[in-house]
Amino acid sequence: MIIAVDGPAAAGKGTIARALAKHFGFHFLDTGSLYRMVGLSALRAGGEPISARAAVAAAASLNPLAYSDEELRNEQVGSAASIAAAIPEVRTALLDFQRAFARKEPGAVLDGRDIGTVVCPEAQAKLFITASPEVRARRRQMELGSSDYESVLADIRARDDRDSKRATAPLVAAKDAVVLDTSEMDIEAAVLAAIRAAEARWVH
Ligand code: DC
């Protein structure tokens, strides 16, 4: 059983995907963290802007245990991840790991940008979690403890643009995904709606 949770940055998909995994007793993989590891590793290898060569090398020899969550969660690493993620060789190098994870029993929830479209097109339930850029910027601003709303909003827009316009596996809702706009929802309501949507899907 596979649940694919896709959507733009800061739409709430991580929180929702974790809650789904807990609810159904499934394994959980935040695939964005893999791209963040690649971005961080490329930053460490050569600074900004990251080089494609460093990103491809990092993706080919990735050890997910070598990074702490804390060092991955900042906007510099997020945007390096988004740049690395547009390189087709980086995406290919990360594919096997994600697909093997998705096959774990009794089931897995994966969150990212292309889970329902490329990584696991066979997923039984696909959710596309979104919210307006302004709402996502407010949420990200609180998360980062930043005082500069305008620059957080600009980062969100730049990332949306890069993630949805790239040629390989762009951010797009799968045709059979349930789209959930969380702009007007608190987290409890969004999680409940996601659980209902997933359950409704695998009855069919
Ligand atoms: O979800 P996140 O913000 O941690 O993801 C960081 C970047 O990684 C995001 O801007 C695009 C990329 N990404 C991707 O291209 N495909 C995925 N499945 C997950 C993330």
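What follows draws every value from the coordinates through simple rules; no lab data is involved. It should be emphasised that the depicted structure is a prediction, and the values quoted were computed from it without experimental measurement. For neighbour counting, all protein chains shown are included, and Cβ atoms are generated from backbone atoms with ideal geometry for every residue, glycine included.
If R0 is taken as 30 Å, the Cβ-Cβ distance between Ala154 and Glu122 corresponds to a FRET efficiency of 0.20. Considering every alpha-carbon pair of region 58-204, the percent of pairs per 10 Å bin, from zero through the bin containing the longest distance, is 10, 33, 40, 17, 1. Taking the helices alone, the chain has a mean residue ellipticity at 222 nm of -17000 deg cm²/dmol, built from -39,500 (n - 2.57) per DSSP H run of at least 4 residues and averaged over all its residues. Here the dipole of the chain is about 460 debye; that uses its Cα centre as origin and unit charges on the Cβ of Lys and Arg (positive) and Asp and Glu (negative).
Remark: Leu62, Leu171 ranked as Leu62, Leu171, counting other beta-carbon atoms within 10 Å and listing the fewest first.
Of all the options Ser146, Ser51, Ser79, the one that moves most in a Gaussian network model of the chain with Cα springs shorter than 10 angstrom is Ser146. Highest mobility in the GNM of the chain, judged by mean-square fluctuation with C-alpha springs under 10 Å and restricted to Ala17, Ala193, Ala81, is found for Ala193.
Positive contributions from Lys and Arg (+1) and negative ones from Asp and Glu (-1), summed over other residues with Cβ under 14 Å from the Cβ of Val109, come out at +2. Distance between the pseudo-spin-label points of Arg18 and Leu144 (7 Å out from Cα toward the beta carbon): 1.9 nm. The label point for Ala189 and the one for Lys104, both projected 7 Å from the Cα toward the Cβ, are 3.2 nm apart. When the chain is treated as a GNM with alpha-carbon contacts under 10 Å, the residue of Ala167, Ala59, Ala108 showing the greatest mean-square fluctuation is Ala167. Cross-link partners of Lys165 among lysines, defined as those whose alpha carbon lies under 26 angstrom from its own and excluding same-chain residues fewer than eight positions apart: Lys13, Lys126, Lys175. Descending by average beta-carbon neighbour count within 10 Å, the peptides 134-144, 5-15 line up as 5-15, 134-144, the highest first.
Taken over the C-alpha atoms, region 1-89 has Rg and Dmax values of 13.9, 42 angstrom.
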